[in-house]
Structures are given as C-alpha cells and as structure tokens.
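Structure first, then comments.
Derivation of every value follows stated rules applied to the coordinates shown; laboratory data play no part. Just so you know, these numbers come straight off a predicted model, no measurement behind them. A quick note on method: Cβ atoms are made from the backbone with ideal geometry, for glycine too, and the neighbour counts reach across all protein chains shown.
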Amino acid sequence: MIRDRGKKKWQSAFFMPEHVKMLKQITYDDKKQKKPQLDEQEFEEIGFIVMDSLNNTIPIKVTIWQDGFFKAITGIVDKVDMLMKYILFECDEGKRKIMIEEITGVERV
C-alpha cells in the first residue's frame, strides 16, 4: 500500500529567503580576485605611460581593481594629482577620478 505524503516530500527542497541570499553572496565572493602587488619597475612603467598620455593626449587603457574585480577603461589622462593620489581620466562616460592605488595596469591603445 503506497501512502501519498502530499507536500511533505518537497518541503526540504525549498530554501528560506535568508539562505538564498547567503548562497548568492557566497557565489559572488568566490568570483572575487586578490589585488596584485606591483613592483617598482611596474610603477615606473605605469608612470611613464600616464605622463605620456597627459602630455601628448595619447589614449591609454587603464585596468583598475575595485572590490575584488578588474575593470578596463579607455581614455586620455586629463590631470595627475600626486598630492591627493588620483588621476583625472577623460573617457566615454565623461571625466572620471581614478585613485592611483586602484590601478593595476596601463597600456597604450
């Protein structure tokens, strides 16, 4: 004789909203990457390319690291402020302030 348990057999397959949110957060955190440590030679090369873009209005591609993810932005350097440690970067979205410690790579386009 087979007894039908109704909805009871499916009860364990559903998660509470808090569990779903926590699982999504864990998946998001797993995709994050560590910030690479740049050495002195890489800092010098970044500085040369940034100053070349500033002086000669050459477009460059800047790779930045924010909250565990990398983002590439293409544009021209408008201003370099070493005191406040940021670069004013003119790209498609308009002018954008990029903090120097966020920069992980720069290349000429």
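The table for this structure:
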{"item": "Per-peptide average of other Cβ atoms within 10 Å, ordering 23-29, 81-87, 43-49 highest first", "result": "43-49, 81-87, 23-29"}
{"item": "Which label in (1) 7.8; (2) 11.7; (3) 6.3 gives the computed mean projected area of the Cα convex hull in nm²", "result": "(2)"}
{"item": "Per-residue HN-Hα couplings for region 97-107 [Karplus 6.51, -1.76, 1.60; θ = phi - 60°; Hz; x = Gly/Pro]", "result": "8, 10, 6, 5, 5, 7, 6, 10, x, 9, 8"}
{"item": "Normalised contact order of the chain, rounded percent, pairs of Cα under 8 Å and 6 or more residues apart", "result": "22"}
{"item": "In sequence order, calculated HN-Hα J values of region 57-62 (Karplus, 6.51, -1.76, 1.60; Hz; x Gly/Pro)", "result": "6, 9, x, 10, 10, 9"}
{"item": "Helix 40-56 vs. the chain, principal-axis angle (Cα, 0 to 90°, nearest 10)", "result": "70"}
{"item": "Simple spin-label estimate for Ile58 and Phe70 in nanometres, 7 Å along Cα-Cβ", "result": "2.2"}
{"item": "Over 26 Å between alpha carbons, listed pairs Lys24/Lys71; Lys34/Lys97; Lys24/Lys61", "result": "Lys24/Lys61"}
{"item": "Within the chain, helix-based [θ] at 222 nm, where runs of 4 or more DSSP H residues each add -39,500 (n - 2.57), nearest 500", "result": "-9500 deg cm²/dmol"}
{"item": "Table column - 3J(HN,Hα) (Hz), region 21-30, Karplus curve with 6.51, -1.76, 1.60, x for Gly and Pro", "result": "4, 5, 5, 5, 5, 5, 5, 5, 5, 5"}
